[in-house]
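The values are calculated or read from the model by the stated rules, or taken from the named source; none is laboratory data. Owing to the predicted nature of the structure, the values given are computational and were not obtained by experimental measurement. Every residue, glycine among them, receives a Cβ derived from its backbone with ideal geometry; neighbour counts consider all protein chains shown. With ligands, DNA and RNA removed, areas are computed over all heavy atoms of the protein, side chains included. Shrake-Rupley method; radii C 1.70, N 1.55, O 1.52, S 1.80 Å.
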Amino acid sequence: MKSNEVRQKFLDFFAGHGHKIVGSDSLAPANDQSVLFTSAGMNQFKEQFMGNITDFKRAASSQKCMRTADLTNVGKSPQHHTFFEMLGNFSFGDYFKPEAIQWAWEFITQVLLLPKDRLWVSVHESDTEAYNIWLEKIKIEKDRIVKLGDSDNFWPANAPKKGPNGPCGPCSEIFFDWGEDTGCKKPGCGPACDCERFSEIWNLVFTQYDRQPDGSLTALPSKNIDTGMGLERIVSVVQNVRSNYETDLFVPILEALKNILQKEGLTPENDWSVTKARAIADHIRAAVFAITDGIMPSNEARGYVIRKLIRRSIIYLKQIGVKKPLCYGLVYGIAAIMQEAYPEIKRRHETIAGIIKKEEEMFWIILKERAQDNELKFKEFSQYPDKNTSTAQIAFNQYDTYGVPLEISKENAQKYGLSISDEEFEQLMEEQRQRSRSGTQISSEIFSKSIGHLLKGIKSEFLGYEKLEADAEVLAVIQGDILAESVHQEDQADIVLDVTPFYAEAGGQAGDRGLISTETGAELTVEAVFKVDNVILHRARVIKGSIKKGDKVSALVDKKEREATARNHTATHLLQYALRSILGKDVEQSGSFVSCEKLRFDFNHLNQLNPRTLREIEELVDACIWKNIPVKTIVMGIDEAKNSGALAFFSEKYAQKVRVVSIGGKSKELCGGTHVEATGEIGCFKIVSESSVAQGIRRIEAITGIEAFNAIKDDEQALFDLCRIFKAPRDKLVIAAKKAVQQLKFLEKEISRLKAGNIAHESQELINEAISVNNVSILIKEFKDYDMNALRKMSDLLRAQKDPVVCVLGTAGGNKPLLLVGVSKTLTQKGLDAVKIIRDITAVCGGGGGGKKELAQAGAKDAALLQKAIKRSLKIIEDYLNKIKI
């Protein structure tokens, strides 16, 4: 049975038992700050588990998940992965243990046809109910039911004693027994043994308690079911292979890697193929799914993890002699394997491969540029140990600053008889992770608190598609996270109305602004509008009077802003049509933002768009505007909409009923935003910028209507001013500008030639003024009219003519005072570092500076501080020279 069939059979089985089949959430959950990545099937159902959303009571999904806490086991373990799919069925206050256990057993024995005598189960030692269901209802043999404690069969693990507070409960796990001839072969071997005889295939969590601050467990009024079965793991059992890497999910990737290496003339040893090749297959598969979900390699948060996975793969390849990008070649095979469940990967595989290739190219440059510097760091440390640092600290700094992997540092350290402590390096990494968590405000709570519990039973009706003004009643007034009796002048609060014309921020469109007024004369300015579940909240400030629950009010949207937003939103749809028409159908939206001021559209594309292409895009959008095409909206089922060809933003979650916005035969998109009635209302469209926001992601910002018209008039004025400055008519302006630039370049070269002669003369004078310390020449001088280029040339001349030498050169002639320190090669080889020297010198003016051992530079706030820094430089250099052997 193929993996695609296993996945589909699972979803079909639970659909047949009344479960709503919910598509996988993105690996980067938009509305959950408690996790870096989606790590479990239950993540997207937190609001249902908390009782805030009650549209359905049963759900099943195949969820994309990412876990990277234990990368060292990936490839070594037959079942450990960074990216994996989690099959799960869930109950939100509906069915409980009897049904969950019965259906799990039915699926694995009657659908997957696993032999009953090879299945074992575990239950929590206190869960008599689950034990009796397995024993009496399922009829599993008593000796194949194992009772385990809090660490193995409670969720979260050890929660009764260690927390966290909140929903928790016992769990029951199903195991597959590979047979007595595997594993440790000991007589008492069971599911609790870690010998790999038993594979855990399904975990059934019975969320029935609420842990209190005092550690007590109180029964939840509404009990939930949360189950998880790793697709990769169950497929290995169904396909009767011991390792997930031997299933149809991984074998084609490993074969593709083998073929790529053979074309390069590389035949790695079997040990490498078993561990490192598997890790590469896992890591690149994870990167492909992450990039598809809009997580681009970067130095921040999620993107940093993806960059790390790609770089680990490159290091493994480097170990067998690879010297160029190869990982991107695996993308097509991964897309082919996953296309049935995730067709978006196949559609975008060329873009994804391009992003990974660029990431590889960047890292190969780092490896080549930094390998020598990395080795030098350990060579110097072996000769001049520093009690204030360690080899692990050096390795971490190299990794954190330049991305040089630990493996490279270990290789270089060993050349000089040094070792690096894995424990200390990991401690430094953990401190970095803690800083990262703090920076991204990731919560350690399982269910983060929200105001959802305040809104139970409340619903808002949106009238804004048809009207911009409505009479309403105040249903709730919220300040912070509490319900308020009333709010008064200057107070800010979130106001809930029974009906509202205000559009709540969603789908990339900013919320409306406007005014709420009461019958008693109170007035509130609406500054933002957002939605929590089915409730629309108006963040408003009271400018007159007071407002309370039950008040009758008039809600009025700012018409001018709404119309401008509608123009920009419809223009965004036309922009996507133009991009797909000109750049190709593989262009897909990666994000957008629409407000009354402007529109912003992010899309996948590897290269910068040139001015000619941008003009083509503008002209195509404007052509659609001037045709005054009607904009039509229709509500239909999600499947019907997708089958009709409507574009959907792949990471967006859609309801069963969706709005489809059509613009003639040009554009058809799923969209809940507000739009013009015909394209002519947009007026005109003007691109104001095109830029990169991440690898493989471009961003266009544009304006429409009066904003675009004003921008065109500003350009006209600028053109008029340039014609006046260059004294040329408009049709000759470019020629005149080119001529002026050529003249400027000629003059700059002439100035540089004259300066070079002057620098050579001054360098000789400075050498004659040298101060000698321990047979080292120290040259210190401030120049009046030098820039940084002149300082560098002077340093190069001095170090070429005099060795050993240290020069400290400053200038206050430009916009900002500058300082440069140069150290000759003889001294850098003995441990002298220009970066350390300049940082000590500039400590008087705030410190800083950077560069290389032989040349470093820094800036100063003003000329006085520069002079103060220069005066202290001689003493600092003397101190350094006294520490080394000349």
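Okay, here's what the table says:
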item	result
Global geometry of the stretch 734-819, whether rounded, prolate or oblate, following the gyration tensor of its Cα atoms and the 1.5 cut on a/c	prolate
Percent accessible area from carbon and sulfur atoms, the stretch 7-145, protein chains only, probe 1.4 Å	47
Net lengthening on full extension, residue 400/residue 883 (0.36 nm per residue, minus Cα-Cα)	171.0 nm
The chain: relative contact order in percent, alpha carbon pairs under 8 Å with at least 6 residues between	7
Cross-link partners of residue 883 among aspartates and glutamates (Cα-Cα below 20 Å; sequence separation of 8 or more within a chain)	380, 386, 803, 833, 840, 854
Value at 222 nm in deg cm²/dmol, rounded to 500, when DSSP H runs of n ≥ 4 in the chain each add -39,500 (n - 2.57)	-12500 deg cm²/dmol
Residue-by-residue Karplus 3J(HN,Hα) for the stretch 336-347, coefficients 6.51, -1.76, 1.60, Hz, glycine and proline x	5, 5, 9, 5, 5, 8, 10, x, 5, 5, 5, 5
Nearest-0.05 FRET efficiency for residue 801 and residue 382, computed from C-beta distance (R0 45 Å)	0.90
Table column - 3J(HN,Hα) (Hz), the stretch 603-617, Karplus curve with 6.51, -1.76, 1.60, x for Gly and Pro	8, 7, 6, 7, 10, 5, 7, 7, x, 5, 5, 4, 5, 4, 5
In nm, spacing of pseudo-spin labels at residue 137 and residue 756 (7 Å Cα→C-beta vector)	8.9
Among beta bridges that DSSP assigns inside the stretch 728-886, antiparallel share in %, nearest 5	70
Which of 202, 178, 626 is most accessible, then next, and so on - probe 1.4 Å	626, 178, 202
Built amide H within the under 5 Å cut-off of residue 854, gap 5+	834
Signed unit charges on C-beta, dipole axis of the stretch 645-730, positive-most listed residue 685, 702, 645	645
Potential lengthening between residue 610 and residue 726 on full extension [0.36 nm per residue; Cα-Cα distance subtracted]	39.1 nm
Percent accessible area from carbon and sulfur atoms, the stretch 608-659, protein chains only, probe 1.4 Å	50
Positive-pole candidate from 742, 281, 179, dipole of the chain, charges at beta carbon	742
Built amide H within the under 5 Å cut-off of residue 227, gap 5+	89, 205
Residues listed by number, the stretch 786-817, amide nitrogen under 20 Å from residue 871 label point at 7 Å toward C-beta	808-813, 817
Where GluC sites (Glu not before Pro) in DSSP loops with at most 13 other Cβ within 10 Å are excluded, longest remaining stretch of the chain	301-444
Calculated FRET efficiency for the pair residue 336/residue 530, C-beta based, R₀ 25 Å, to 0.05	0.05
Amide H within-cut-off set for residue 197, under 5 Å, with H built and near neighbours excluded	184
Probe 1.4 Å, protein heavy atoms only - accessible area per residue of the stretch 323-384 in square angstrom	48
Shape of the chain, Cα gyration tensor, a/c cut at 1.5	oblate
Assigned charges on the beta-carbon of Lys, Arg, Asp, Glu; the stretch 299-355 dipole about Cα centre (debye)	340
Simple spin-label estimate for residue 110 and residue 520 in nanometres, 7 Å along Cα-Cβ	6.3
Kirkwood-based Rg to Rh ratio, the stretch 611-666, C-alpha trace	1.09
Rounded to whole Hz, the Karplus (6.51, -1.76, 1.60) HN-Hα couplings of the stretch 284-292, x for glycine and proline	6, 4, 4, 4, 4, 5, 5, 5, 4
Pairwise label distance in nanometres, residue 186 with residue 582, each label 7 Å out on the Cα-Cβ vector	6.9
Estimated FRET transfer efficiency when R0 is 60 angstrom, pair residue 270-residue 491 (beta carbons, to 0.05)	0.25
Carbon/sulfur fraction of accessible area - the stretch 365-427, other protein chains in place, 1.4 Å, %	45
